[in-house]
Amino acid sequence: MSTTLTDRFGRIHRSLRISIVDKCDLRCTYCMPEDQQFLKRDELMTREEITTIARLFAERYGVNKIRITGGEPLVRPDAVDIVRDLLQLPVKLGLTTNALTLQKHLEGLIDAGLKSINISLDTFDAERFKKIARRDGFDRVWANIRMALDQGLRVKVNMVVMRGVNDDEVLRFVELTCDHPVHVRFIEFMPFAGNHWGRERVYTYGEMLGQIGSVHSFEKLDDDPHSTAKAYRVSDWPGTFAVISTVTDPFCATCDRLRVTAEGKMRNCLFARDETDLLSALRRGEDITPLIEANVRAKHALLGGLPPFKPEKQQEVLHDLSARPMVSIGG
Ligand code: SF4
């Protein structure tokens, strides 16, 4: 019997982000704290457990969108098998990756049936890449983005824009949409444990549009009602760009997203401070549906119950943040 996961505010949840690993082969400053510790192998959901949980959300609760995230999902040896398993479900499947090793997995992913991929890239400057990711890799990531496009995948390029770090490259990324049918998404820098967030370091949605509008004329595109991104197109260009404005213009009113971490903890929001341990209950052979439904009923209206990310609220935000860093929540 199928039912919906509806919270106290009437939001129906149809989208699930599943983190399949908390490790990553990059160490991006806005995502992974310097002293990050990683889960042991037996703490991670197995391939079968991931499929069991995903199937429950899809078949019992009508979840129709699943995105596989990490850490970096492709560091997990069975990542392609997991993609193949989840593509058997009645869902639209996506994958978020840093594409550092995508050339090794692309054929398998496409063969498994993957159609769309989100690739993180924050700069076109190899030296700056090294500063942000704390290791080399720009050339490979850029080559793999082009390979994914050449292979006909629907590619979204996610850029986290940070003031004084890479905000001077917004136009360069927009110009990518002139050369390629790619969807560039500018993400406002968000607060997570250990990422040295400050409101003054946020290059805002308004500033991004201002910078783009100073050079290009662009049109607003229609957005999917539950989309995280506000989309635009520079006139007549094949690609599009969008902004994810969680800091200056959050979109929680239409949020339909839930998350499961690599160790099987359910989070009803990116900024949730409370989590529900599904995996331990599953391993004890218990029915986890009451846990899932209770987790959704507890969802806050806005930003996981955090104060708005306004300058005057900065200390409160940083004080109330979940202790879980971005790398173990997943994009
Ligand atoms: S902050 Fe939380 S509630 Fe708001 S859109 Fe993001 S995940 Fe949804």
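The values are calculated or read from the model by the stated rules, or taken from the named source; none is laboratory data. Keep in mind that what you see is a predicted model, and the values were worked out from it rather than measured. Methodologically, a virtual Cβ is constructed for each residue, glycine included, from the backbone with ideal geometry; neighbour enumeration extends over all protein chains shown. With ligands, DNA and RNA removed, areas are computed over all heavy atoms of the protein, side chains included. Shrake-Rupley method; radii C 1.70, N 1.55, O 1.52, S 1.80 Å.
Full extension from L39 to Q88: what is 0.36 nm times the residue separation minus their Cα-Cα distance, to one decimal in nm? Could you put the intermediate results ahead of the total?
Working: separation 49, 0.36 × 49 = 17.64 nm, distance 2.79 nm.
Answer, rounded to one decimal: 14.9 nm.
Work out the P(r) tail for the range 24-79: percent of alpha carbon pairs separated by more than 13 Å, whole number. Before the final figure, lay out each step's value.
Numbers: 1087 of 1540 pairs.
So the pairs more than 13 Å apart make up 71 percent of the total in the range 24-79.
Going by accessible area, probe 1.4 Å, with all protein chains left in place, what is the ranking of K220, K131, K230, K40, largest first? Numbers along the way, then the final one.
Numbers: K220 100, K131 155, K230 35, K40 135 Å².
Descending order: K131, K40, K220, K230.
Can you list, bin by bin at 10 Å, the percent of alpha carbon pairs in the range 218-331, starting at 0?
Histogramming the range 218-331 at 10 Å steps yields 12, 34, 30, 17, 5, 1 percent.
Helix 170-179 sits at what angle to the longest principal axis of the chain, using alpha carbons and giving 0 to 90 degrees rounded to 10?
90
Can you give me the Cα centroid spacing of the range 256-331 and the range 82-142 in angstrom?
If we compute the Cα centre of each part, the gap is 25 Å.
Excluding K23 itself, calculate the net charge of residues whose Cβ lies under 10 Å from the Cβ of K23, where each Lys or Arg counts +1 and each Asp or Glu counts -1.
Numbers: positive: R76; negative: D22, D25, E72.
Around K23, the charge tally is -2.
At a temperature of 10 °C and a viscosity of 1.306 mPa s, determine how fast the range 114-270 diffuses translationally according to Stokes-Einstein, using the Kirkwood radius over alpha-carbon pairs as Rh; express D in µm²/s, rounded to the nearest whole number.
95
Mind putting together the pair-distance distribution for the range 26-183? All Cα pairs, 10 Å bins, whole percent per bin, short to long.
With a bin width of 10 Å, the distribution comes to 10, 36, 34, 18, 2.
Obtain the nm distance between the two label points defined at E59 and T254 by a simple spin-label model: each point lies 7 Å from its Cα along the Cα-to-C-beta direction.
Between E59 and T254, the label points sit 3.2 nm apart.
For a quick check, take a GNM of the chain with Cα springs below 10 Å and name the residue from A294, A54, A231 with the largest mean-square fluctuation.
Largest GNM mean-square fluctuation: A294.
Please give me the summed charge of the neighbours of L149: other residues whose Cβ is under 14 Å from its Cβ, Lys and Arg +1, Asp and Glu -1. List each step's numbers first, then the result.
Details: positive: K115, R146, R154, K156; negative: D150, D179.
Combined, the nearby Lys, Arg, Asp and Glu give +2.
Can you find, among Q315, Q36, A272, the residue sitting farthest towards the positive end of the charge dipole of the chain, where Lys and Arg contribute +1 and Asp and Glu -1 at Cβ?
After comparing all options, I get A272.
In a Debye calculation with equal point scatterers on the alpha-carbon sites of the range 61-151 and no solvent, what is log10 I(q)/I(0) at q = 0.12, 0.19 Å⁻¹?
Debye output, listed in q order: -0.39, -0.87.
Find, among the chymotrypsin sites (Phe, Trp or Tyr not before Pro) in the range 171-223, those assigned to loop by DSSP (not H, G, I, E, B) with at most 11 other beta-carbon atoms within 10 angstrom.
Values: sites: F173, F186, F189, F192, W197, Y203, Y205, F218; in loops: F189, F192, W197, Y203.
When the chymotrypsin sites (Phe, Trp or Tyr not before Pro) of the range 171-223 are filtered for loop state and at most 11 Cβ neighbours within 10 Å, nothing remains.
Per the 1.4 Å probe, what fraction of the accessible area of the range 83-236, in percent, lies on carbon and sulfur atoms? Each step should come with its number before you reach the end.
On the way: 3260 of 6620 Å².
That share works out to 49 percent.
Given the alpha-carbon gyration tensor of the range 103-197, what are the semi-axes of its equivalent ellipsoid in whole angstrom, ordered largest first, with each equal to the square root of 5 times an eigenvalue? It would help to have the intermediate numbers written out before the result.
Values: eigenvalues 117, 46, 36 Å².
Equivalent-ellipsoid dimensions as semi-axes: 24, 15, 13 Å.
How much of the calculated P(r) for the range 1-104 lies past 22 Å, in percent of all Cα pairs?
On the way: 2004 of 5356 pairs.
It works out to 37 percent of all Cα pairs.
What is the mean projected area of the alpha carbon convex hull for the chain, to one decimal in square nanometres?
Values: hull surface 63.9 nm².
Taking the Cα atoms of the chain, their convex hull projects to 16.0 nm² on average.
Could you give the length gained on full extension between D111 and R284, defined as 0.36 nm per residue of separation minus the Cα-Cα distance, in nm? Walk me through the intermediate numbers first.
Details: separation 173, 0.36 × 173 = 62.28 nm, distance 3.50 nm.
Length gained, D111 through R284: 58.8 nm.
At 222 nm, what helix-only mean residue ellipticity would the chain give, in deg cm²/dmol to the nearest 500, using -39500 (n - 2.57) for each DSSP H run of four or more? If you can, show how the numbers build up before the last one.
Details: 10 runs with 96 residues, N = 331.
Here the helix-only value at 222 nm equals -8500 deg cm²/dmol.
Compute the long axis of helix 102-112 from its Cα atoms, compare it with the longest principal axis of the Cα atoms of the chain, and write down the angle in degrees, 0 to 90, nearest 10.
Between helix and principal axis, roughly 50 degrees.
Within the chain, what percent of beta bridges assigned by DSSP are antiparallel, to the nearest 5? Present the calculation step by step, with values, prior to reporting the outcome.
Numbers: 12 of 45 bridges.
Percentage antiparallel, nearest 5: 25.
Once you keep just the Cα pairs under 8 angstrom separated by 6 or more residues, what percentage relative contact order results for the range 63-208?
Values: 212 pairs, mean separation 26.5, N = 146.
18 percent.
Using only Cα atoms, tell me the angle between helix 47-61 and the longest principal axis of the chain; keep it within 0 to 90° and round to the nearest 10.
90
Any idea of the accessible area per residue across the range 182-310, 1.4 Å probe, to the nearest Å²?
Working: 5000 Å² over 129 residues.
I get 39 Å² per residue for this part.
Are there GluC sites (Glu not before Pro) in the range 13-84 that DSSP marks as loop and that have at most 16 other Cβ atoms within 10 Å, and which are they?
Values: sites: E34, E43, E48, E49, E59; in loops: E34.
Taking the range 13-84 and a limit of 16 other Cβ atoms within 10 Å, the loop GluC sites (Glu not before Pro) found are E34.
Out of all DSSP beta bridges in the range 92-249, what portion is antiparallel? Express it as a percent rounded to 5. Working shown, then result.
On the way: 7 of 27 bridges.
About 25 percent, rounded to the nearest 5.
For R273 and C178, FRET efficiency with R0 = 41 Å and r from the beta-carbon atoms, rounded to 0.05? Numbers along the way, then the final one.
Details: r = 42 Å, r/R0 = 1.03.
It comes out at approximately 0.45.
With N denoting the number of residues in the range 238-302, provide Rg(C-alpha) divided by 2.2 N^0.38 Å, to two decimal places.
Values: Rg = 15.1 Å, N = 65, 2.2 N^0.38 = 10.7 Å.
The range 238-302 yields a ratio of 1.40.
Note down the net charge around A126, summing +1 for each Lys or Arg and -1 for each Asp or Glu among other residues with Cβ under 13 Å from its Cβ. Intermediate values should be presented prior to the final figure.
Numbers: positive: R128, K130, K131, R135, R140; negative: D122, D125, E127, D136, D139, E169.
Within the 13 Å Cβ shell, the charges total -1.
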